[in-house]
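Each remark here refers to the structure printed beneath this line.
The values are calculated or read from the model by the stated rules, or taken from the named source; none is laboratory data. Just so it is clear, the structure is predicted and the values come from calculations on it, not from any experiment. Cβ placement follows ideal geometry from the backbone for every residue including glycine, while neighbour counts extend to all protein chains displayed. To get the accessible areas, we keep the full protein, side chains included, count just its heavy atoms, and leave off ligands, DNA and RNA. Shrake-Rupley method; radii C 1.70, N 1.55, O 1.52, S 1.80 Å.
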Amino acid sequence: MTTRPIGALTALLFLAAGCGSSGTTVTEPITTPVEATSSAAATSSEAGDWVEPEPLVPPPPLEWTGAFRETAVLIADSIRIEGPAPLIEHVAASSDKELYERSVTTTSRGLVQVVKRRPSSSREIRVNLDAWSIAALNEVVIVETAAQGPVQVVAAGNVTWRDLDAHLIQGEQIQFAGAIGDDSPYTPPPGGGER
């Protein structure tokens with residue numbers, strides 16, 4: 001006489017029976033607790049009526065700068081863009097893995113993204129900062145800091161900046177800054193030219 005382990009088979013049958021429909025339905029609505037100060041408290045939640053939750057109101061957007069809201073072009077060998085949140089919402093950078101090496105790290109300064117042109121690529125790194133079109137021949141570093149402060153764009157190496165009004169600034173290193181809360185667009189210094 002052979003004995004078979006029926007314990008596992010029995011457990012499987014009990015589990016299968018438990019998974020089936022019991023034929024009962026729930027007729028009571030699901031309600032959420034309502035605060036006593038809420039205007040919805042006046043509805044009859046005691047009788048099991050549905051109480052409509054208060055609508056979710058998103059927080060207002062974080063303050064930003066208007067410095068980069070008018071069209072301009074910036075070209076340099078290397079570019080660093082640094083500022084507080086919501087910087088990442090205002091910056092879009094090239095991301096083709098065939099052409100660029102990209103790294104994202106969190107440091108004590110904040111969220112750091114580095115985009116470098118691969119040696120095999122001849123394409124510049126393109127970045128948009130609001131209405132500014134930015135091109136870097138070697139590297140772009142984007143830092144969203146935890147601390148408050150202005151948004152700064154530092155361009156180094158053969159820098160050329162031009163806007164739609166034909167203002168031109170050229171130099172080896174140029175820094176642009178936009179104060180948070182100031183909606184005025186960047187205005188080049190009188191006379192433009194080399195800095």
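General remarks:
- The range 96-177 - convex hull of the alpha-carbon atoms, volume per residue in Å³: 117
- Peptides 181-189, 129-137 ordered by average Cβ neighbours within 10 Å, highest first: 129-137, 181-189
- Förster radius 25 Å - calculated FRET efficiency between VAL73 and GLU172, Cβ distance, rounded to 0.05: 0.90
- Segment LEU164-ARG118, extension gain: residue separation times 0.36 nm, minus the distance between their alpha carbons: 13.4 nm
- Between ALA85 and SER108, residue separation times 0.36 nm minus the direct Cα-Cα distance comes to 6.8 nm.
- Put simply, when 169-176, 138-145, 100-107 are sorted by average Cβ atoms within 10 angstrom per residue, most first, you get 138-145, 169-176, 100-107.
- Per-pair calculated FRET efficiency, R0 = 30 Å: SER95 and ASP183 via Cβ, rounded to 0.05: 0.50
- In the range 143-190, the alpha-carbon atoms span a convex hull of 99 Å³ per residue.
- Only Lys, Arg, Asp and Glu carry charge here, each on its Cβ (+1 for the first two, -1 for the last two); on that basis the range 119-190 has a dipole of about 240 debye about its Cα centre.
- Average accessible surface area per residue within the range 141-195, 1.4 Å rolling probe, Å²: 54
- Per-residue SASA entry for ARG118, accessible area with 1.4 Å probe, Å² rounded to 10: 70
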